[in-house]
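Undergrad: I'd like to ask some things about the structure below.
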Amino acid sequence: MHSFEAHAPDADLAELRARLAAARLPERETVRVGTSGRRRWDQGVPLADLVDTVDYWRTSYDWRLFEARLNQIGQFHTTVDGLRIHFLHRRSTRIDAVPLILTHGWPGSVAEFVDVVDELTEPKSGALPAFHVVVPSLPGFGFSDRPTTPGWGTEKIAATWVELMARLGYSSFTAQGGDWGGNITTVLAGRFPANVLGIHTTFAEGPPGLSTSMLTESERTWAAETRHFWRHRAAYAKQQATRPQTIGYSLVDSPVGLLAWILDKFADWSDSGDSPFEAISRDRILDDVTLYWLTRTGASAGRIYYESHNSLDPDLRVEVPAAITMYPHDIEKCPRPWAEARYRRIVRWESPARGGHFPSLEVRDYFLKDVQEGLAAVLAA
């Protein structure tokens, strides 16, 4: 284990601003003038929104504040199977604290969890569980190394997380995640039940091929919305699952291209209307994008799709206790009967009124309380 402090060279930040100032932009999208709300985004990020965000990024955004927050939490590196893994680690002062590993997805990063670490380690109420919190950067993301060989899919990542936790002295632990982090959390629970006490996930996945006959009308709507997403809004996933290197050149060379690629997902997947900034802090989104830019991980992060797209073992079952939350504007919502076919001990199921794919950033207070109460139910079971 090696302690680590983030500090981007001033020259890298100056170069970023220079690239932003010199950006070549396309013409305005051919969406009818006066269109409002989500329809403005029918062709992707509107030019006016991108211009405003690029200007703010270049003239007002302060990366040093995010660096300071990461360093305040505590950052470390360790090498597993030849790959250096970066992670945040904050221990609780509570003697009854339980280890917890939080796993992000794409296009997220450790930025998704920096606003909840403090209260997960030191909750305001003694009745809530406390955790020793570990937040790793996925291989190829952020300050983790970029893999130079194939094989770094979700199964290997889950095994790496078990090794990481063991090195920290955590032979048993809880786990939480959404998006790819939810997939990895499911693999952790299914493959390593001796190590995983239980899980909380916002991205449950049932086995393939299940019938809709068992579903309620609202659950059928969920299934239809998920099918619509994969048929009409998932070109990014097909691109990164089949040709990640091709799109990767643009994502590593152009900060505006990287911003547009990621901002499009924050807009489409968050519970917002006219702009993702209605739900998520502009600075926090730029923390995430800037982390990708400075670490040059736009291409390597996309390869998780190439390594793992549609790879979750259909026969994998989770026997440890699970708390599951389905947010209303998430891109995939798994009906409970389908989830029960994989997660055999669901001890808590929540369907809140608000929130999308990035709940820790959109509805932070609800997310925090949900994770605390969900994992409390898991530990009680």
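Each reported figure results from applying straightforward, stated rules to the coordinates on display, with no laboratory input. Computed from a prediction, not measured in an experiment: that's the story for all the values here. In this analysis, Cβ positions are derived from the backbone assuming ideal geometry, glycine residues included, and neighbour counts consider all displayed protein chains.
Undergrad: If I take every Cα pair under 8 Å that is 6 or more residues apart in segment 1-77, average their sequence separation and divide by the length, what percent do I get for the relative contact order?
TA: Contact order relative to length: 62 percent.
Undergrad: If you average 1/r over every pair of different alpha-carbon atoms in the chain and take one over that average, what Kirkwood value in Å do you get?
TA: 21.2
Undergrad: Mind checking which of Lys333, Lys156, Lys265 has the largest fluctuation in a GNM of the chain, springs on alpha carbons under 10 Å?
TA: Lys156
Undergrad: Also: Neighbouring Cβ atoms within 10 Å as the yardstick, rank Asp271, Asp283, Asp179 fewest first.
TA: The most exposed by this proxy come first: Asp283, Asp271, Asp179.
Undergrad: Another question, if that's okay. For the chain, set up a GNM with springs between Cα atoms under 10 Å and report which of Pro46, Pro359, Pro321 has the largest fluctuation.
TA: Per the Cα network of the chain with a 10 Å cutoff, Pro46 tops the list.
Undergrad: I've got another one for you. Report relative contact order for segment 10-169 in percent, whole number only (criteria: Cα-Cα under 8 Å, sequence separation at least 6).
TA: Numbers: 175 pairs, mean separation 30.8, N = 160.
Answer for segment 10-169 is 19 percent.
Undergrad: For segment 264-374, with only Lys/Arg (+1) and Asp/Glu (-1) charged at the beta-carbon, what is the dipole magnitude about the Cα centre, in debye rounded to 20?
TA: 320
Undergrad: Shifting gears a bit: Looking at segment 74-224, I'd like the Rg to Rh ratio, where Rg is from alpha-carbon atoms and Rh is Kirkwood's inverse mean 1/r. Mind dumping the intermediate values first?
TA: On the way: Rg = 16.6 Å, Rh = 16.4 Å.
Dividing the radius of gyration by the Kirkwood radius yields 1.01.
Undergrad: Of Ser300, Ser213, Ser275, how do they rank once you tally other Cβ atoms within 10 Å and put the fewest first?
TA: Result, fewest neighbours first: Ser213, Ser275, Ser300.
Undergrad: If I model a spin label as a point 7 Å beyond the Cα along the Cα-Cβ vector, how far apart are those points for Asp274 and Thr149 in nm?
TA: Here the answer is 5.3 nm between the modelled labels.
Undergrad: Same structure again: If you place +1 on the Cβ of every Lys and Arg, -1 on the Cβ of every Asp and Glu, and leave all else neutral, what size is the dipole of segment 92-234 about its Cα centre, to the nearest 20 Debye?
TA: So the dipole magnitude of segment 92-234 works out to roughly 360 debye.
Undergrad: What's the center-to-center distance, using Cα atoms, between segment 109-182 and segment 313-376 in Å?
TA: Here the answer is 17 Å between Cα centres.
Undergrad: Please report, for the Cα atoms of segment 293-381, the Rg to one decimal and the Dmax as a whole number; what are they, in angstrom?
TA: When restricted to the Cα atoms of segment 293-381, Rg and Dmax are 15.6, 43 Å.
Undergrad: Once you keep just the Cα pairs under 8 angstrom separated by 6 or more residues, what percentage relative contact order results for segment 60-121?
TA: Worked out over segment 60-121, it gives 29 percent.
Undergrad: Further, regarding this structure: May I ask you to give the average projected area over all directions of the convex hull of the Cα atoms of segment 140-275, in nm² rounded to one decimal?
TA: Quarter of the Cα hull surface area: 11.3 nm².
Undergrad: Please report, in debye to the nearest 20, how large the charge dipole of segment 88-127 is about its Cα centre when each Lys and Arg carries +1 at its beta carbon and each Asp and Glu carries -1 there. Walk me through the intermediate numbers first.
TA: Details: 4 positive and 6 negative charges, 29 e Å.
Using only the charged Cβ atoms, the result is roughly 140 debye.
Undergrad: Compute the separation of the alpha-carbon centres of segment 1-74 and segment 264-311 and state it in Å as a whole number.
TA: Each part's Cα centre sits 11 Å from the other's.
Undergrad: Return the inverse of the average 1/r over all pairs of distinct C-alpha atoms in segment 199-347, which is the Kirkwood hydrodynamic radius, in Å to one decimal.
TA: On the way: mean 1/r = 0.0579 Å⁻¹.
Evaluated over segment 199-347, this radius sits at 17.3 Å.
Undergrad: Could you give the length gained on full extension between Glu217 and Leu379, defined as 0.36 nm per residue of separation minus the Cα-Cα distance, in nm?
TA: Extra length available between Glu217 and Leu379 comes to 55.1 nm.
Undergrad: Between Pro107, Pro314, Pro99, which gets the highest mean-square fluctuation from a Gaussian network model of the chain, Cα cutoff 10 Å?
TA: Pro314
Undergrad: Could you give the nm distance between label points at Ala68 and Ala23, where each point is 7 Å from its Cα heading toward the beta carbon?
TA: Here the answer is 2.6 nm between the modelled labels.
Undergrad: What distance in nm lies between label points placed 7 Å from Cα along the C-beta direction at Tyr249 and Leu47?
TA: My value for the distance between the label points is 2.5 nm.
Undergrad: Ranked by Cβ crowding within 10 angstrom, fewest neighbours first, how are Asp370, Asp52 ordered?
TA: Least crowded to most crowded, the residues run Asp52, Asp370.
Undergrad: Quick one: divide the alpha-carbon radius of gyration of segment 52-154 by 2.2 N^0.38 Å and tell me what you get.
TA: Dividing the Cα Rg of segment 52-154 by 2.2 N^0.38 Å gives 1.25.
Undergrad: Then there's this: Give the lysines reachable from Lys156 as a straight Cα distance under 28 Å; neighbours fewer than 8 places away on the same chain don't count.
TA: Counting by Cα, and skipping residues close in sequence, Lys156 has these lysines nearby: Lys238, Lys265, Lys333.
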